Amino acid sequence: MRINKLALMIALAPSIAMASSDTRSIAMGGVGVASSGYLNASFHNPALAAKYGESDNFGMILPVVGARIHDGDDLVDKIDRFQDLDDLVDGNPNLEDEWRKALKDLDNGVLSSDINIGMVAAIPNKYLAANFFVGGELSVLARTLIADEDLTASPGDPLNSTVTALAGGTVDVGVSLAKPIEIRGHELLLGVSPKFQNIYALHNTNSVSDFDDDDFDFDDDYSEKSAFNLDIGLAYQIDESITLGFSGRNLIDQELKTNRSYGDTYTYLVRPEYTIGAEYDKGWFSVAADMDLNRRDYFKELNYKTQYTRIGAELNGWDWVAVRAGYQYSMTDSAEDLLSFGFGFTPFGIFGLDLAGQLGKDNHYGASAQFVFTI
């Protein structure tokens with residue numbers, strides 16, 4: 001059972017670790033471009049750092065941690081089963097047909113996972129609202145490619161079939177600055193997030209017989225670079241209940257080649273991402289929707305792209321307890337839809353705990369948690 005640790009490795013990826021997001025947003029299907037508050041604005045729309053109440057003076061998210069995994073092809077179990085048979089088939093011809101079937105079942109299998117972490121310290125004020133933030137995200141992709149000639153090979157022969165595991169991620173350290181401008185009695189919020197960005201990429205390819213998740217480790221060979229990047233946003237408050245939003249994240253293109261493995265390298269991409277959103281908020285009840293305007297690419301050499309339309313709702317009881325639900329509709333073939341749900345508990349309106357879960361078909365799960373402090 002050499003490969004079962006792969007899922008655990010993905011879930012417990014290192015601290016360079018789903019795009020950066022907060023737990024409230026994840027519970028509401030990933031919305032936030034128009035519906036974030038001042039505290040989580042840096043993860044969605046920096047303009048909303050200026051969206052705060054009269055009683056808001058300071059807030060912290062410390063920390064937010066989330067993870068999602070999609071193993072729709074049962075890739076972890078299939079690799080594990082094949083490697084067990086590969087150990088047993090030598091000298092046992094009765095297992096050869098089962099061995100070949102297990103190898104064939106691995107063809108074109110894909111596993112994806114995302115991990116995010118973050119923390120924020122927010123200082124809302126009427127002059128220039130400021131959020132200091134750290135956000136990290138890690139995307140992991142694993143896929144198998146079975147060579148036709150291996151299906152007629154004899155057990156014990158060298159195999160050309162491979163497992164490729166790729167990881168790419170960023171750590172952002174920056175500040176969100178936001179200010180409202182009054183236009184004909186309505187507020188237009190403008191925001192910007194300059195940030196320093198560390199980018200990481202890792203590649204490991206090996207034979208399906210020999211692949212081991214211990215070889216896929218950020219303690220070993222990986223690529224790294226530092227860069228400057230920028231997020232922008234605006235939000236227009238039509239009235240006390242309706243807000244429209246727009247955000248642009250990572251406006252400066254970045255690329256990073258992975259380490260060489262099995263003779264190949266891949267290129268991790270950080271590209272601009274544009275999203276629009278709308279929120280209707282009555283205090284005790286709110287509903288919001290976001291839509292990605294472009295697709296997100298991960299690795300230049302892979303046709304793996306994501307783009308979502310999101311909708312979410314929240315019932316809020318006196319700012320002490322909140323019940324949330326949402327849905328993410330995938331606009332590409334690379335990802336599946338996700339149903340989300342969650343709760344928020346903030347006794348006395350000071351210390352809070354938010355929890356969220358995600359469910360999708362074909363072994364698709366996610367979870368997130370964060371602690372909040374506000375005064």
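The values are calculated or read from the model by the stated rules, or taken from the named source; none is laboratory data. Every value quoted in this text rests on a predicted model; they were computed, and no experiment measured them. Reconstructed Cβ throughout: ideal geometry from the backbone, glycine too, with neighbour counts over all protein chains shown. Heads up: the accessible areas ignore ligands, DNA and RNA and are worked out on the full protein's heavy atoms, side chains in. Shrake-Rupley method; radii C 1.70, N 1.55, O 1.52, S 1.80 Å.
Taking the criterion of being open to solvent by 10 Å² or more (accessible area, probe 1.4 Å), under 29 Å from residue 60 (Cβ atoms) and of a type in the set (A, V, I, L, M, F, W, C), would at least one residue in the stretch 191-199 satisfy it? There is at least one residue in the stretch 191-199 that is open to solvent by 10 Å² or more (accessible area, probe 1.4 Å), under 29 Å from residue 60 (Cβ atoms) and of a type in the set (A, V, I, L, M, F, W, C).
Of a type in the set (D, E, K, R), over 22 Å from residue 277 (Cα atoms) and in contact with a Lys or Arg (Cβ under 7 Å, 6 or more places away or on another chain), is that true of residue 264?
Values: of a type in the set (D, E, K, R): yes; over 22 Å from residue 277 (Cα atoms): yes; in contact with a Lys or Arg (Cβ under 7 Å, 6 or more places away or on another chain): no.
So residue 264 fails the test.
Assessment of the stretch 277-284 against the conditions (under 18 Å from the mean Cα position of the chain (by Cα) and crowded, with 19+ Cβ neighbours inside 10 Å) yields no matching residue. Taking the criterion of being part of a loop (DSSP other than H, G, I, E, B), closer than 30 Å to residue 305 by Cβ and open to solvent by 30 Å² or more (accessible area, probe 1.4 Å), the residues of the stretch 90-111 that qualify are 105, 107, 108.
Counting just the residues of the stretch 157-167 that are farther than 20 Å from residue 88 by Cβ and more than 21 Å from the chain's Cα centre (by Cα), which one comes out surrounded by the most Cβ atoms within 10 Å (Cβ to Cβ)? Walk me through how you get there before you give the answer.
Step one: filter the stretch 157-167 for residues farther than 20 Å from residue 88 by Cβ, giving 160, 162, 164-167.
After this cut, where a residue has to be more than 21 Å from the chain's Cα centre (by Cα) as well, the list is 160, 162.
On the way: 160: 14, 162: 21.
Once the filter is applied, the top-ranked residue is 162.
Please determine whether any residue of the stretch 141-156 is surrounded by 21 or more Cβ atoms within 10 Å (Cβ to Cβ), under 23 Å from residue 360 (Cα atoms) and among the hydrophobic types (A, V, I, L, M, F, W, C). Yes, the conditions are met somewhere in the stretch 141-156. Checking the stretch 51-70 against the condition returns a match, with at least one residue being in contact with a helix residue (DSSP H, G or I) (Cβ under 7 Å, 6 or more places away or on another chain), open to solvent by 20 Å² or more (accessible area, probe 1.4 Å) and of a type outside the set (Lys, Arg). Just one of the listed residues (286, 340, 330) is touching a helix residue (DSSP H, G or I) at 6+ places or on another chain (Cβ under 6 Å) and under 21 Å from residue 28 (Cα atoms), and it is 340. Among the residues of the stretch 288-308, just one is open to solvent by 50 Å² or more (accessible area, probe 1.4 Å), part of a strand (DSSP E or B) and in contact with an Asp or Glu (Cβ under 8 Å, 6 or more places away or on another chain), namely 305. Criterion first (exposed (fewer than 15 other Cβ atoms within 10 Å of the Cβ), part of a strand (DSSP E or B) and either of a type outside the set (Phe, Trp, Tyr) or at pLDDT 95 or above (or both)) does residue 315 satisfy it? Yes, satisfied. Comparison of 97, 77, 86, 107 shows that the only residue that is of a type in the set (D, E, K, R) and in contact with an Asp or Glu (Cβ under 9 Å, 6 or more places away or on another chain) is 77.
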